[in-house]
Amino acid sequence: MHLANDQLAEPVIAIRGLYKRFGDRVAVDGIDLTVPKGICYGLLGPNGAGKTTTLRMIYGVTFPTSGRIEVFGLDIAQHRRSIRNRLGVTLQDNSLIEPLTPEENLRVFARYHLMDEADINQRVDELIEFLELSSHRDVPVRDLSGGFQRRLAIALSLVNRPELIVLDEPTTGLDPAVRLALWSRVRALRNEGATVLLTTHYMDEAERLCDRVGIITDGKLIAEGAPRTLIAETLAQDTIELDCSPQEEARLLDGLSMRVHRLRAGERLMLHVDHSVALIDHIRSRSTDDELHIIARPTTLEDVFLALTGTSLELGE
Ligand SMILES: Nc1ncnc2c1ncn2[C@@H]1O[C@H](COP(=O)(O)OP(=O)(O)OP(=O)(O)O)[C@@H](O)[C@H]1O
Ligand SMILES: [Mg+2]
């Protein structure tokens, strides 16, 4: 029997039946998740879906109500300390020491990991260069912009040359150029053999950066796969967008013989279809508005996300 690579190699993260309750609120509701070595895995989901809670349980700062988490083949409940030595984590809030400079922050973290002084000097220089922090090396953290603080938080999580890097919304609030730079850093780490687990609300980021994504909603993993596969399995390949009222929609689509998946967010209508040309012809032939603006584009992971989580249906309805 032929086994795929990720079935042969021991997974870096293996989660079974993970469940977490805060009082009456169920945050994580029976998640099974496997992350093979050397990939970038993206956890996606609406606000409050349970992503951060899942990452916090992997890091061992929140304890599961039930279920099992293995990291590097070790049970987190028994091996928290030794797992942490091989793990780098940036959670949603940057844990930085405000009065200290980036360089000093990196040194404090390196000492926490019991690195020797020569190694610390080398690693601090490497990370300052890697995350392009040299122009702000000596500026106290409290005087850094949000983007530089985020870069430093990520640098801190890399001090101990982790085999597994966990990043909770690493690029939220960053400008487009810094986001691009960070993607290339994440790719570089993965290409050097590290495994990356991240969360993001940017679907373009997940599509470009992640080898595999999992979509969580209400604490449950509802879909998983390589971005392209997930798109192909969930929706037709073409998408068209236009603004129209529900009444106008009924008229424009009346008599249509092809299968169309519809999604509405306020006035915006999105239609997923195998061949957009025939659909556009149909709509134009029924429209009284010669100027009707129709956008045609390939279906994206964002469309899949909206279709599966149903988030867009709540907007403006
Ligand atoms: N310490 C806590 N005490 C009580 N409820 C909590 C706690 N932490 C999280 N929750 C609840 O658990 C649910 C999941 O929260 P979580 O932070 O994991 O979501 P998330 O997917 O990371 O969302 P976001 O995209 O907004 O960051 C939410 O309903 C949240 O209010
Ligand atoms: Mg979160």
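Within region 38-75, the residues that satisfy the criterion of being among the charged types (D, E, K, R) and in the same structural domain as Leu164 (by TED's automatic domain parsing) are Lys51, Arg56. Given the conditions (1) at pLDDT below 95; (2) more than 22 Å from Glu132 (Cα to Cα); (3) open to solvent by 20 Å² or more (accessible area, probe 1.4 Å), which single one is not true for Gly67? For Gly67, the failing item is (1). Taking the numbered list (1) open to solvent by less than 50 Å² (accessible area, probe 1.4 Å); (2) in contact with a helix residue (DSSP H, G or I) (Cβ under 8 Å, 6 or more places away or on another chain); (3) of a type in the set (D, E, K, R) in turn, Arg84 passes all entries but (1). With respect to the conditions (1) in contact with a Phe, Trp or Tyr (Cβ under 6 Å, 6 or more places away or on another chain); (2) within 14 Å of ligand 1 (Cβ to nearest atom); (3) hydrophobic (A, V, I, L, M, F, W, C), Ile215 lacks only one, and its number is (1). Using the structure shown, decide if Leu96 is within 16 Å of ligand 2 (Cβ to nearest atom), among the hydrophobic types (A, V, I, L, M, F, W, C), assigned by TED's automatic domain parsing to the domain that holds Arg150 and closer than 25 Å to Arg151 by Cα. No, not satisfied. Out of the residues in region 72-96 meeting the condition of being aliphatic (A, V, I, L, M) and under 17 Å from Leu158 (Cβ atoms), tell me which one is modelled with the lowest pLDDT. Applying the filter and picking the extreme gives Leu91.
On the stretch given as region 56-85, residues that are over 14 Å from Val166 (Cα atoms) and among the hydrophobic types (A, V, I, L, M, F, W, C) total 5.
The residues of region 44-74 that are within 13 Å of ligand 1 (Cβ to nearest atom) and in a strand (DSSP E or B) amount to a single one, Leu44. Scanning region 160-171 for residues that are assigned to a loop (DSSP other than H, G, I, E, B) and either within 16 Å of ligand 1 (Cβ to nearest atom) or open to solvent by less than 20 Å² (accessible area, probe 1.4 Å) (or both) yields Pro162, Glu169, Pro170, Thr171. Counted as qualifying within region 172-230 are the strands (runs of 3 or more DSSP E) with 3 or more residues that are within 16 Å of ligand 2 (Cβ to nearest atom) and either open to solvent by 30 Å² or more (accessible area, probe 1.4 Å) or of a type outside the set (Ser, Thr, Tyr) (or both), namely 212-217.
Is at least one residue of region 99-113 free of Cβ contacts under 8 Å to residues at least 24 places away in the same chain and within 16 Å of ligand 1 (Cβ to nearest atom)? There is no residue in region 99-113 that is free of Cβ contacts under 8 Å to residues at least 24 places away in the same chain and within 16 Å of ligand 1 (Cβ to nearest atom). Among the residues making up region 120-159, those that are open to solvent by 40 Å² or more (accessible area, probe 1.4 Å), assigned to a helix (DSSP H, G or I) and either not aromatic (Phe, Trp, Tyr) or not assigned by TED's automatic domain parsing to the domain that holds Thr171 (or both) are Asn121, Gln122, Asp125, Glu126, Glu129, Ser134, Ser135, His136, Arg142, Asp143, Gly146.
Restricting attention to region 75-92, the residues that are under 14 Å from Leu198 (Cβ atoms) and either among the acidic types (Asp, Glu) or within 16 Å of ligand 1 (Cβ to nearest atom) (or both) add up to 4.
Check whether at least one residue in region 66-76 is within 16 Å of ligand 2 (Cβ to nearest atom) and of a type in the set (Phe, Trp, Tyr), and report yes or no. Within region 66-76, not a single residue is within 16 Å of ligand 2 (Cβ to nearest atom) and of a type in the set (Phe, Trp, Tyr). For region 55-63, does any single residue satisfy the condition of being closer than 24 Å to Ser184 by Cβ and either surrounded by 15 or more Cβ atoms within 10 Å (Cβ to Cβ) or modelled with pLDDT under 95 (or both)? Yes, because at least one residue in region 55-63 is closer than 24 Å to Ser184 by Cβ and either surrounded by 15 or more Cβ atoms within 10 Å (Cβ to Cβ) or modelled with pLDDT under 95 (or both). Number of residues in region 42-65 that are more than 13 Å from Ile216 (Cα to Cα) and within 16 Å of ligand 2 (Cβ to nearest atom): the value is 6. Residues in region 231-245 that are farther than 12 Å from Thr299 by Cα and either among the hydrophobic types (A, V, I, L, M, F, W, C) or touching a residue at least 24 places away in the same chain (Cβ under 8 Å) (or both) were compared, and the one that is surrounded by the fewest Cβ atoms within 10 Å (Cβ to Cβ) is Asp243.
It is to be established whether one or more residues within region 26-36 are assigned to a strand (DSSP E or B), more than 16 Å from ligand 1 (Cβ to nearest atom) and among the hydrophobic types (A, V, I, L, M, F, W, C). The answer is yes, given that some residue of region 26-36 is assigned to a strand (DSSP E or B), more than 16 Å from ligand 1 (Cβ to nearest atom) and among the hydrophobic types (A, V, I, L, M, F, W, C).
The values are calculated or read from the model by the stated rules, or taken from the named source; none is laboratory data. Given the structure is predicted, the values throughout are model-derived calculations rather than measurements. A quick note on method: Cβ atoms are made from the backbone with ideal geometry, for glycine too, and the neighbour counts reach across all protein chains shown. When the accessible area is computed, the model is the full protein with side chains, heavy atoms only, and any ligands, DNA or RNA have been set aside. Shrake-Rupley method; radii C 1.70, N 1.55, O 1.52, S 1.80 Å.
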